[in-house]
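**Student:** My structure is below; once you've seen it, I'll send some questions.
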Amino acid sequence: MNREDLKNFNRLPQSYWLASTAPTEYPSLGEDISVDIAIIGAGMAGLLCAYLLHRENVSIAVLDAGRILCGTTGHTTAKITSQHGLIYDKMKRQLGTELAKQYADANEKAIKQIKEIIDRHHIDCDYSPQSSYIYTEDENKIEKIEDEIKTASELGIKASFTDRIPFPLSIKAGIMFDGQAQFHPRKFLLRLAEIISTAGVKIYENSRAVDLEYGEKITVTAGNGKKVTADKVVIASHYPFYNKQGMYFSRLYTERAYILAVAAKEKYPGGMYINAENPSRSLRVLDTENGQLILVVGENHKTGQGTDMAEHYRNLVDFADKLFTVEEISYRWSTQDCMTLDGIPYIGFYKQNTPNILLATGFQKWGMTNSMAAANIIRDLIIEGTSPWQDVYNPSRMNILGSAKNFIVENADVAKHLISGKTAPLPEDVKVEPGEGKVFENDGERTGAYRDEQGRLFLVNTTCTHMGCELNWNSAERSWDCPCHGSRFTYTGDIIDGPAVSPLTAENDVNTVEKLIKDEF
Ligand code: FES
């Protein structure tokens, strides 16, 4: 990809992790089945749950809405680290030392455990030990950095001060965490999927869970009507697909971030880096068959909000140019993460009174170690009845300072989009050009139009099938994105990201609407 491609966005994004591994071909759920444990979602959390549980002599089925490991896990930066921003001092002050230590221990153990699994099965996944750095260019944050080091050290993490990182940035202070790592997430997890599949775990692809009935046993229904009956269900579908209880739609929101993989003239100095402020900037390296690629990551924003998504990639190009002599932008892609109100994932029982439904979501962009932590907690809750880390991650916790305030802020934001989408003025400019997406009014209904490079027009109803917010066009990814809870749809209306479980309705009468567009525009 050259800079002109990036400027015009005339190529769709492609994740390096997906481009460098073979696609999978697990079957879809073709009949009703019964198992001990059904796991919904075959990303890192779901597959690690299945891996730990399959060693406990239980029958397991894992269902994925698409192909396995193609969602957030296939679009991550894959840093295996317990350094999740400046979190530990804040967590200690808000929750106390005991809960902060639970979080630190869960993630520190996860780092070691991922390495143990890799070694146990001799998995070739480009694993590489690295130090992890968080830095600030803001003098006012020096004290925060010092407090974070003190607290992280008290909690048992090897953290030390630095005021130098090997890039031309005016660093005021930073923290180095020792003993962290990076890897190729799909190489690791594809092999793990093979191992558990060979051991009897049933993996089903293209089997989106659309409903769940809760009784003596739990029945999960897939999109084609086939059912899985299970004693326990683990929901690891990123944003929970099950919406009837738990109010998760009011306790989770989604954010997008952007990634460039660039070839540079300079050799990368090693290490994984992230800044402590906004806009976010993060770096790591990949050693590929064709040489080093540097991942340049950042530009977080709420899904479906903002007007020019392509601008986020351009800002990352500017940042990369500041640090390196960029020779090529080899890949670009984006990712979507679930965020909780207090910054700690929801892992445990879906509700206090649902002992047979468990949940793992809201990894806050730190899904590598939090997925491993989730697998441990869920395995322990199912098999032992208790987990040493269950309190800090408890999805039903209500004791966290800031949650109530954040609840009001986040839900006011959702309400604003529910209302504003219906009343927003519709664009009155020009035609729908090839590669362009646009919303227009058709018989009083908002309709989304996208024209592909061959000139074909695709029309969809832009009301989100989750809870009715109005979708916005994402020019960089060519998708329809929901500003409320982050569902995303292709320009043909198929689901890319939930919580929506139904595709958009396509407008059938394309010829009529084509004429309407010509007349109107
Ligand atoms: Fe909830 Fe769209 S994702 S309304």
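The values are calculated or read from the model by the stated rules, or taken from the named source; none is laboratory data. Note that the structure is a prediction, hence the values are computed from the model and not measured. Positions of Cβ are generated from backbone atoms using ideal geometry, with glycine treated the same way; all protein chains shown enter the neighbour counts. Note: areas computed on protein heavy atoms with side chains; ligands, DNA, RNA excluded. Shrake-Rupley method; radii C 1.70, N 1.55, O 1.52, S 1.80 Å.
**Student:** Restricting to segment 486-503, name every residue that is open to solvent by 10 Å² or more (accessible area, probe 1.4 Å) and within 14 Å of the ligand (Cβ to nearest atom).
**Tutor:** Arg488, Ile495, Ile496, Asp497, Gly498, Val501, Ser502, Pro503
**Student:** Out of segment 445-476, which residues are away from the ligand (no atom under 16 Å from the Cβ), open to solvent by 20 Å² or more (accessible area, probe 1.4 Å) and in a loop (DSSP other than H, G, I, E, B)?
**Tutor:** Those that are away from the ligand (no atom under 16 Å from the Cβ), open to solvent by 20 Å² or more (accessible area, probe 1.4 Å) and in a loop (DSSP other than H, G, I, E, B): Glu453, Gln454, Gly455, Arg456, Ser475.
**Student:** With the structure loaded, tell me whether Tyr51 is in contact with a strand residue (DSSP E or B) (Cβ under 9 Å, 6 or more places away or on another chain) and of a type in the set (Phe, Trp, Tyr) or whether it fails that test.
**Tutor:** No.
**Student:** So, Ile114, is that one closer than 29 Å to Ile496 by Cα and of a type outside the set (D, E, K, R) or not?
**Tutor:** Criteria met by Ile114.
**Student:** Now for a different question. Identify the single condition in (1) of a type in the set (Lys, Arg); (2) under 20 Å from Lys79 (Cβ atoms); (3) open to solvent by 20 Å² or more (accessible area, probe 1.4 Å) that Lys265 does not satisfy, given that it satisfies every other one.
**Tutor:** Only one criterion in (1) of a type in the set (Lys, Arg); (2) under 20 Å from Lys79 (Cβ atoms); (3) open to solvent by 20 Å² or more (accessible area, probe 1.4 Å) is unmet by Lys265, namely (2).
**Student:** How many of the residues in segment 90-123 are open to solvent by 10 Å² or more (accessible area, probe 1.4 Å), within 19 Å of Asn376 (Cβ to Cβ) and not hydrophobic (A, V, I, L, M, F, W, C)?
**Tutor:** Count: 13.
**Student:** Please go through (1) closer than 18 Å to Arg251 by Cα; (2) part of a loop (DSSP other than H, G, I, E, B); (3) open to solvent by 30 Å² or more (accessible area, probe 1.4 Å) for Asp391 and return the number of the only condition it doesn't satisfy.
**Tutor:** Here Asp391 meets the rest and fails (2).
**Student:** In segment 118-163, which residues are part of a helix (DSSP H, G or I), farther than 23 Å from Lys90 by Cβ and touching a helix residue (DSSP H, G or I) at 6+ places or on another chain (Cβ under 7 Å)?
**Tutor:** Across segment 118-163, the qualifying residues are Ile118, His121.
**Student:** Now for a different question. List every residue pair whose Cβ atoms lie under 8 Å apart, where the two residues are 6 or more positions apart in sequence or sit on different chains, the first residue falls within segment 251-271 and is closer than 14 Å to Asp481 by Cβ, and the second residue, located anywhere, is among the aromatic types (Phe, Trp, Tyr).
**Tutor:** Final answer for the pair search is Thr254/Tyr239; Tyr258/Tyr313; Tyr258/Trp333.
**Student:** Looking at (1) within 24 Å of Pro483 (Cα to Cα); (2) crowded, with 19+ Cβ neighbours inside 10 Å, which is the only condition Glu277 fails?
**Tutor:** In the conditions (1) within 24 Å of Pro483 (Cα to Cα); (2) crowded, with 19+ Cβ neighbours inside 10 Å, Glu277 misses (2) alone.
**Student:** From Ile175, Ile134, Ile157, Ile171, grab the single residue that is surrounded by 15 or more Cβ atoms within 10 Å (Cβ to Cβ) and over 19 Å from Gly270 (Cα atoms).
**Tutor:** Just a single option satisfies the conditions, and that option is Ile157.
**Student:** Being outside any loop (DSSP other than H, G, I, E, B), farther than 24 Å from Gly367 by Cβ and touching a helix residue (DSSP H, G or I) at 6+ places or on another chain (Cβ under 9 Å) is the filter here; which residues of segment 164-217 pass it?
**Tutor:** The answer is Ala173, and nothing else.
**Student:** Hey, another quick one. Got a sec? Which helices (runs of 4 or more DSSP H) wholly within segment 1-89 have at least 1 residues that are buried (at least 19 other Cβ atoms within 10 Å of the Cβ) and at pLDDT below 95?
**Tutor:** Fully inside segment 1-89 and qualifying: 3-8.
**Student:** Also: Quickly run through segment 222-254 and pick out the residues that are open to solvent by 20 Å² or more (accessible area, probe 1.4 Å) and in a strand (DSSP E or B).
**Tutor:** Once the filter is applied, which keeps residues that are open to solvent by 20 Å² or more (accessible area, probe 1.4 Å) and in a strand (DSSP E or B), segment 222-254 yields Lys227, Thr229, Asp231, Lys232, Tyr253.
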